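The values are calculated or read from the model by the stated rules, or taken from the named source; none is laboratory data. A quick note: this is a predicted structure, and the numbers were derived from the prediction, not measured. Reconstructed Cβ throughout: ideal geometry from the backbone, glycine too, with neighbour counts over all protein chains shown. To get the accessible areas, we keep the full protein, side chains included, count just its heavy atoms, and leave off ligands, DNA and RNA. Shrake-Rupley method; radii C 1.70, N 1.55, O 1.52, S 1.80 Å.
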Amino acid sequence: MKKTHQVKEHLLPWSGFIAALLGWGLTHQIGSNTSFDRCQWTAMVPMLILGLLGLAVLAVGALLSHKVWKRGEAETQPRRFLGLIGTGMCGMFAVALVFQTISSLIIPQCYG
């Protein structure tokens, strides 16, 4: 039990990086695969749900990284820096994900 807690504590500042890459990357990959391979799945609702799920992953990662950054003096400087950068990275990837989701709603189905 103690080992699991240590692993979680070591990975906590990195959660923003991990969530940003997973949230945006998987959303992009699943969205592009469904639009090229399975055109019938690229309706507005599935793409919107996919975008919202990706944003949820980014939000969780940002909150966890922000928690590390806000601990203040209880954390070391490198861990606080990772928390800050992870939070910002989630925000930046969230903007990209929103634009990507909006474009999937604007561009017609099976385009290309």
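Overview of values
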| item | result |
| --- | --- |
| Criterion (open to solvent by less than 80 Å² (accessible area, probe 1.4 Å), in contact with a Gly (Cβ under 8 Å, 6 or more places away or on another chain), within 30 Å of ILE107 (Cβ to Cβ) and of a type in the set (Val, Ile, Thr)) met by exactly one of THR27, THR87 | THR27 |
| Whichever residue in segment 30-54 is open to solvent by 100 Å² or more (accessible area, probe 1.4 Å) and at pLDDT 90 or above and, among such residues, is farthest from ILE107 (Cα to Cα) | LEU53 |
| Unique residue being more than 18 Å from PHE99 (Cα to Cα), in contact (Cβ under 8 Å) with a residue 24 or more places away in the chain, assigned to a helix (DSSP H, G or I) and not hydrophobic (A, V, I, L, M, F, W, C) when the list is GLY16, GLY23, GLY31, GLY54 | GLY16 |
| Test: residue in segment 63-82 that is within 13 Å of the chain's Cα centre (by Cα) and open to solvent by less than 70 Å² (accessible area, probe 1.4 Å) | yes |
